[in-house]
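The structure appears right after this line, and notes come after that.
The values are calculated or read from the model by the stated rules, or taken from the named source; none is laboratory data. None of these values were measured; they are calculated from a predicted model. We place every Cβ from the backbone using ideal geometry, glycine too, and count neighbours over all the protein chains shown. Note: areas computed on protein heavy atoms with side chains; ligands, DNA, RNA excluded. Shrake-Rupley method; radii C 1.70, N 1.55, O 1.52, S 1.80 Å.
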Amino acid sequence: MKTLSLTGAWEFRQAGTTEWVKGHVPGGVHSDLLAAGKIADPFVADNESRVQWIGKTDWEYRRVFQVSPDLMGEATVFLNCDGLDTIAEVSVNGQKVGSAQNMFVTYRWEIKRLLKVGSNEISVAFKAPVTYQAEREASRKARGLNPTVGDGTNIRKAPCHFGWDWGPKLPVIGIWKDIRLEACSTGRFSDIHLRQAHDNGKVNLSAGISLEKWAKGDLTCKIAVTGPDGKTLRSETRLAGEAGSVAVTVADPLLWWPNGYGKQPLYEVAITLWAGERVLDSKSYKVGLRTIELRRQPDEWGESFTFVVNGLPIFAKGSDWIPADSFPTRITHAYLDGLFRSAVATHQNMLRVWGGGFFETEDFYDLCDAYGILVWQDFVFACSVYPLDDEDFLANLHQEVIDNVRRLRHRASLALWCGNNEMEQGWEGWGSSRPELAELKKADERYFYHTLPEWVRPLDPDHAYWPSSPSSNTPFKDTNGQSKGDAHYWDVWHGRKPFTAYRAQFPRFMSEFGFQSLPPFETVKTYAGPQDWNMTSYIMEYHQRSGSGNGLMIGQMTDTFRMPKDFESLVYLSMMLQAEGIRYGVEHWRRNMDRISGTLYWQLNDCWPVASWASLDYFGRWKALHYAAKRFYAPVMLSILDEGMRMSVHVTSDLTEDWEGTLTWQLMTLGGKTLKSGEETVKAKALANTQVCSNDFEVPEEQRREVVFVAELRHGDDTVALNVAAFAPNKHLTLVDPQILVDLYQEGNNLRLDVSAHSLARFVELGFTGADVVFSDNYFDVPGGWTVSVTCPLPEGWTLERARKGLKVKSLYDSFYVIKLHSA
Ligand code: BMA
C-alpha cells in the first residue's frame, strides 16, 4: 500500500467570501483564526461570547497536492478521513466525493477516477454546526431535557462543544484527525480483531482477519509477537478468501496489571499481509495480556459491581475524564502525558471517558495501556434525549459503533462499554412526566438495552456492557440505587448538603461525585484581571458555568472556614474546601471497600481555565484536591473516622499482601502539648480495611476548639501518613500564627523543604513565585512543634538561593483577618 499524507498546511475561508486564510490540518476554524490573529483568545475574559458567530457560519478548507505516477499506478486510490468535524462535503478537483455527518466515523472513498498525475485540489465544505443542530432540533417533537448543558443532540459531534456546566460553547469545525490517500492494488486489511484467550497460564493471541481484495489469488497473513523480553513468536496462514485468522500461543505470558497492582508489560504485535514476496498491508499494536471482567454477583447488599483483573478484584480509584482542550487538535502528546503522570502519581487506576466528550485519540489509549489506567468508556450521549426513534440517526450511530468498537477493543486498558451518561437517570428524575416524550422513552430503552448491546457483543464479546451511568440495569428504575450498579451522588454540590452526607451513601460503585473550586490563582490571572478579582464579578461568574456555582462554594465555605480576608485567600479556601469534601467521601467509601468497589471523582481535568470540579486545572496545575488524592488513593490509606468525640483510626490497604506498621496517636493542643497518646501495631490485611483503634475522648466543651487528634502511620522510620482531625469546625479552631519556618536544602536536582510550626499550621500551601512545581505533598498539616519534610524538583535553571527567595508559604491562619489589639 502506498500512502500520501494530506495533513499540514491548508487554507480556509468563510463560505461565500473570497479571502483565503492560512490554516492547519488537523485543526479547526477557531484555532486557525486565533493563529491568524483574527480573533482574540476565547479563553480570556469573555472573549468566547464574541466568537459565537463562528459556529453559525459555513466554512471551506482546501489544499493542493501532487500525485505521482507511482501512486496512480495502483488499481485503487482511497481518500481516508479519520475525522471530519462534522457536517461536511468533500470534493476533489471540483467533483463531489462524499459527505460526512459524524465526527466519530472514519470516512473512506475510492477516488482514483477524479485524480490526475501532478497537481490536484481537495476541498472540504463544512456546514455551520449550530445552524444544523437548530434546524434538526426544530423539526423534533420533543426537545432536550437539561437546559443547563449544551444542546447538540441532533448532530453526532462532542456534546460539550455546545457548552457544558464546566465548558465554553466553542463548536469546533474542521478536519480533526489524519487525512491521507491510500493506494493499493491487490488487497488490504479491512478489519483485524485481536483477542486473547487465557488458559492454564498460557495465552492464545489470535487475530481475526477481514480483507478487501481487488485481485484473485491466495494471500498470506503473518503475525509476529515480540514480548518485553525481546523474543518473537511467529505464525502465518494462507487466505484464499476474504477472511481468516492467525494466532500464536504465549507460553509464559507476563501479565498486564492496572496501576498499583503490578507492571504493564506490552507485547508488540505486527500483522502483515503478503502477496508472494510483496507486503501489501501492515498493522501494529501494543497488547497487554490480562483477563478482565465486571463481576456482578448477588451478595448481602444486592449485587456486586467489581472489576476483576487476572482474577483479582480491583478497587477502582480514579476520576472522570473530559476532553483535555476545547480545541482537541491542540492537545499535544506532552500535555496528555503530563495529565497521565499526574493521575498515576495519585495512584489512580481508572478513568471514565465521559459520554459528553468524544471517543479519545489513539495517543490517549496508548497512555492508558502504558500506565495501567483502566478505561470505563461511555458511548457519546450525555444528559439529554436523543432522536433514537429516527432511522437515519440510528444508521449513522451504527457506523460510529462499528468504527470505534473495532478501534478500541484490543486495548488492555479497556474495562467497560457504557451506553451513556445520565440519560436513564434523566428519564427517571426529570423527564418522565412529559407525555410527548413517551415514544422517545421507549426508543431510548430499545437502544440502550437492546440495539446497542446487540451491536457491541459480536464486535467485542470480551468486554462487559453497561446500559447507562448511573444505572441498576433495570430500565429507568432505581438508577442511582445502592444495591446494584453504579451511582452518581450530587446532593453535596447541587443539593447543598454537608460533606457528612457522603457517609450515608453506600453505592456498589461511585462513578461520579464532585465539588468545585476555583483554579489556582496563577490560572485565574490568565482570564481575569485585578479589577475582576471578586467572586461575584462579571468575569469570575463568566468563568463559572454551573448556575450559581460561585454561591454554592461560598455557602459551603462559610460552613467550614472563616470569611476569607481577600480574593487570593478565597481562591485558596475554595481549593481546600474541595479537597476536604472529596477526601471525606473517598475515605468513607474505601473504608467500606467490601461493599463499594470503586470511586471515580468528578472530574480529573479541565478543557479551559474555569471554576470547576477538576483536580487538575487547564494548565495541568495541581489543585489542593489533587494532592489530597495522592493521600486518599494511597495503596495504604490512613483515615480518621471522626464521630463526635469518638476518633477511630482505620488503615485501608489495596496491597495484595498483609502489611505491618505502627500507629502513634495523640490528643494535643494546637500549641503542641500532648494531652493523651498511644501507640498501636498495625496489621493491615491485604485488600481490606482494618480498624486500628477507636477512642471516645470526651473533650470538654470549652476545650474543643483548641485540641486536635493527630494520627501518624509509620513503616520503620518512614512516615507513611499524618492525619489531623478536629473536634470543632475549622472556622472555630482558635488558631494562632503558627510561625511557619521552612528550611530548604538541595539534594541533587531536588529540594527538600523541612516545614516546622510553633502551633498547628493547618493546610500549609507551598509555592514559588515564578515557577510551577509539583511537591511531594502540599496543603498538609503541621502539628504544633512538629517538622514535616517534603521534596520538589529544583526549578529549571534555579539555584538554592533563588528558591529560598522565591518560596511562598501560607496556612489556614493566613486566610482570615485577625484584629490585633495593641495594649497601650
Ligand atoms: C454530571 C456529569 C456532567 C456534569 C457534572 C457536573 O452529571 O455527568 O454532565 O458536568 O455532573 O454537574
*asked:* Just the number please: accessible area per residue for the stretch 29-184, 1.4 Å probe, all protein chains included, in Å².
replied: 35
*What accessible area per residue comes out for the stretch 225-341, rounded to a whole number of Å², with a 1.4 Å probe?*
46
_In Å², and per residue, what accessible area does the stretch 654-706 have when probed at 1.4 Å with the other protein chains present?_
59
_Given the DSSP H assignment, sum -39500 (n - 2.57) over each helix run of at least 4 residues in the chain and divide by its residue total; what's the result at 222 nm in deg cm²/dmol, nearest 500?_
-5000 deg cm²/dmol
*For the stretch 597-698, give the percent of accessible area contributed by carbon and sulfur heavy atoms, probe 1.4 Å, rounded to a whole number.*
44
*Cross-link table K22/K56; K116/K213; K263/K283; K286/K683; K96/K169; K22/K127, entries beyond 28 Å C-alpha to C-alpha*: K286/K683; K96/K169
_Principal-axis tilt of helix 549-560 within the chain, Cα atoms, nearest 10 degrees_ = 30
_Accessible area of the stretch 315-369 belonging to carbon and sulfur atoms, whole % at 1.4 Å probe_ = 59
*Report relative contact order for the chain in percent, whole number only (criteria: Cα-Cα under 8 Å, sequence separation at least 6).*
9
_Net charge dipole size for the chain [Lys, Arg +1 and Asp, Glu -1 on Cβ; Debye, nearest 20]_ = 880
_Simple label model, 7 Å out from Cα along Cβ direction - A464 to D229, nm_ = 3.3
*What FRET efficiency would be calculated for the residue pair T220, R136, taking the C-beta separation as r and a Förster radius of 41 Å, to the nearest 0.05?*
0.30
*Computed FRET value (nearest 0.05) for L641 with N200, which takes r as the C-beta separation and R₀ as 51 Å*: 0.70
*Along the positive direction of the dipole of the stretch 268-380 (beta-carbon charges: Lys, Arg +1; Asp, Glu -1; about the Cα centre), which of A345, F364, S326 reaches farthest?*
A345
*Evaluate E = 1/(1 + (r/R0)^6) for A501 and L655, where r is the Cβ-Cβ distance and R0 equals 22 Å; express this FRET efficiency to the nearest 0.05.*
0.15
*Which residues does a label at R238 reach in the stretch 213-228, if reach means a backbone N under 13 Å from a point 7 Å past the Cα toward the Cβ?*
217-221
*asked:* Quick check: pseudo-label points 7 Å beyond the Cα along Cα→Cβ at N47 and S99, how many nm apart are they?
replied: 3.5
*Return the loop-located GluC sites (Glu not before Pro) in the stretch 164-271 (DSSP other than H, G, I, E, B) with at most 15 other Cβ atoms within 10 Å of their own Cβ; answer none if there are none.*
E242
_Sequence gap at least 6, Cα distance under 8 Å: using those rules, report the relative contact order of the stretch 259-416 to the nearest whole percent._
21
*Of all accessible surface on the stretch 484-526 at a 1.4 Å probe, what whole percent is carbon and sulfur?*
56
_Linear extension gain, S284 paired with W301, 0.36 nm per residue minus alpha-carbon span_ = 1.6 nm
*Under a 1.4 angstrom probe, counting protein chains only, how are L687, L751 ranked by accessible area, largest first?*
L687, L751
*What length, rounded to one decimal in nm, is gained on full extension from N695 through to V64, with 0.36 nm per residue of separation minus their alpha-carbon distance?*
219.5 nm
_Over the stretch 91-182, relative contact order from alpha-carbon pairs under 8 Å, at least 6 apart, %_ = 24
*Please calculate the 1.4 Å probe accessible area of W214, with all protein chains present, and give it to the nearest 10 Å².*
90
*asked:* Taking 0.36 nm per residue of sequence separation and subtracting the Cα-Cα distance, how much length would be gained by fully extending the chain between K820 and L744, in nm to one decimal?
replied: 24.3 nm
